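*Asks:* A single structure is presented below for examination.
The values are calculated or read from the model by the stated rules, or taken from the named source; none is laboratory data. For clarity, every value in this text was computed on a predicted model and none was experimentally measured. Because the Cβ atoms are built from the backbone with ideal geometry, glycine has one as well, and the counts that use them run over all protein chains shown. The area values use the complete protein model at the heavy-atom level, side chains included, leaving out ligands, DNA and RNA. Shrake-Rupley method; radii C 1.70, N 1.55, O 1.52, S 1.80 Å.
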Amino acid sequence: MRILILGGTTEASRLAAALAGRADIAAVLSYAGRTREPAAQPIPVRVGGFGGAEGLARYLADETIDLIVDATHPFAERISANAATAAAATGTVIVAFTRPPWQRQPGDDWFEVADNAAALAALGPAPRRVFLTIGRLGIGDFRVGPPHHYLIRAIDPPPADDLPADHRLVLARGTFGRDEEIALMRAHAIDVLVTKNSGGEATYAKIAAARELGLPVVLVRPPARPDVPEVHTLAACLDAIAAHGSTLSTGTERRV
Ligand code: NAP
């Protein structure tokens, strides 16, 4: 079975590790190419856009892909839409390996917003000390506006022109522990966290840290997902792959 994993997430890397070395599966992991030095992978990797839904459909046909696993980030809206469209156009089976968004816990002081512009507005006019972990390419949305101090954490440096005037940049790749996040927020006298509701365990520690410190969190809601079958665990994803494998080997209808 030939599988295309759309990646750029912990879920995609975990799936790649689980499929590596399987004689019955040829899987390739696709990266957009945003991160300069992505983590090494135990399966073949391709990097760069496909050229929209049409380009992706061509790739699926050229590479005779049997199954797409959309394991992209919950905020990577365009590639997920393209994958759903290209799968439908080519009759390729698709399953999304996603994380459910975080749910508010007792003690959380969340202000949920639709996008970065609303997050900036939610900070209000008075200067705040903001811990901003919104992704390297969203930083520009906070460049103008009230003179908040931003502690910005990203894997690679954001474009220099996107940086707000008053900022401190920390380049780091998680996972971070709760105590580490508490220490960082204390050291920088942070009074509000601005982040995306990305779900999953890998980046949850900052949410738990804000709760522990009694800090408010401005949380950007994830966009709506295309209507494709969805799994939330590696085991369920492997089951979906196995189910499709058995339809391929018995020649029955291709559906996950
Ligand atoms: P996006 O807006 O949904 O996608 C923009 C374009 O990038 C797509 O149309 C596609 O180009 C290309 N692309 C995206 N993911 C790709 C992949 N896995 N393989 C090949 N091409 C891909 O995505 P984004 O928000 O810029 O995110 C880019 C990548 O970073 C994704 O792989 C995502 O999983 C990862 N990521 C995103 C976030 C986030 O907050 N958005 C956070 C962590 C990781 P073509 O149309 O030319 O095919």
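*Asks:* If you check every pair at least six apart or on different chains, which have Cβ atoms under 7 Å apart with a residue in the stretch 125-144 that is in the same structural domain as L215 (by TED's automatic domain parsing) and open to solvent by 80 Å² or more (accessible area, probe 1.4 Å) first and a residue that is among the β-branched types (V, I, T) and outside any helix (DSSP H, G or I) second?
*Replies:* Note: pairs meeting the criteria are R129/I190.
*Asks:* Out of the residues in the stretch 196-216 that are modelled with pLDDT under 95 and open to solvent by 50 Å² or more (accessible area, probe 1.4 Å), which is nearest to the chain's Cα centre (by Cα)?
*Replies:* The selected residue is T203.
*Asks:* Residue under question is L15, and the condition is that it be in contact (Cβ under 8 Å) with a residue 60 or more places away in the chain, more than 10 Å from the ligand (Cβ to nearest atom) and either surrounded by 16 or more Cβ atoms within 10 Å (Cβ to Cβ) or not small (G, A, S) (or both); does it hold?
*Replies:* yes
*Asks:* Restricting to the stretch 136-179, name every residue that is within 15 Å of the ligand (Cβ to nearest atom) and of a type in the set (G, A, S).
*Replies:* Result: G138, G140, A154, A172, G174.
*Asks:* Follow-up. Look through I94, I182 and report the one residue that is hydrophobic (A, V, I, L, M, F, W, C) and within 15 Å of the ligand (Cβ to nearest atom).
*Replies:* I94
*Asks:* Which one of the conditions (1) surrounded by 20 or more Cβ atoms within 10 Å (Cβ to Cβ); (2) within 30 Å of R221 (Cβ to Cβ) does A88 fail to meet, given that it meets all the rest?
*Replies:* Checking A88 against (1) surrounded by 20 or more Cβ atoms within 10 Å (Cβ to Cβ); (2) within 30 Å of R221 (Cβ to Cβ), the one that fails is (1).
*Asks:* Might you let me know whether the stretch 20-30 holds any residue that is farther than 24 Å from E201 by Cα, assigned to a strand (DSSP E or B), within 11 Å of the ligand (Cβ to nearest atom) and open to solvent by less than 40 Å² (accessible area, probe 1.4 Å)?
*Replies:* Within the stretch 20-30, one or more residues are farther than 24 Å from E201 by Cα, assigned to a strand (DSSP E or B), within 11 Å of the ligand (Cβ to nearest atom) and open to solvent by less than 40 Å² (accessible area, probe 1.4 Å).
*Asks:* Which of the residues belonging to the stretch 32-63 are within 12 Å of the ligand (Cβ to nearest atom), surrounded by 17 or more Cβ atoms within 10 Å (Cβ to Cβ) and free of Cβ contacts under 8 Å to residues at least 40 places away in the same chain?
*Replies:* Result: P38, F50, A53, L56, A57.
*Asks:* Go through (1) of a type outside the set (G, A, S); (2) within 27 Å of I155 (Cβ to Cβ); (3) out of contact with any Gly (no Cβ under 8 Å at 6 or more places or on another chain) for H73 and report which single condition fails.
*Replies:* All conditions pass for H73, except number (3).
*Asks:* What residue, of L184, L219, L193, L169, is in a helix (DSSP H, G or I) and modelled with pLDDT of 95 or more?
*Replies:* L184
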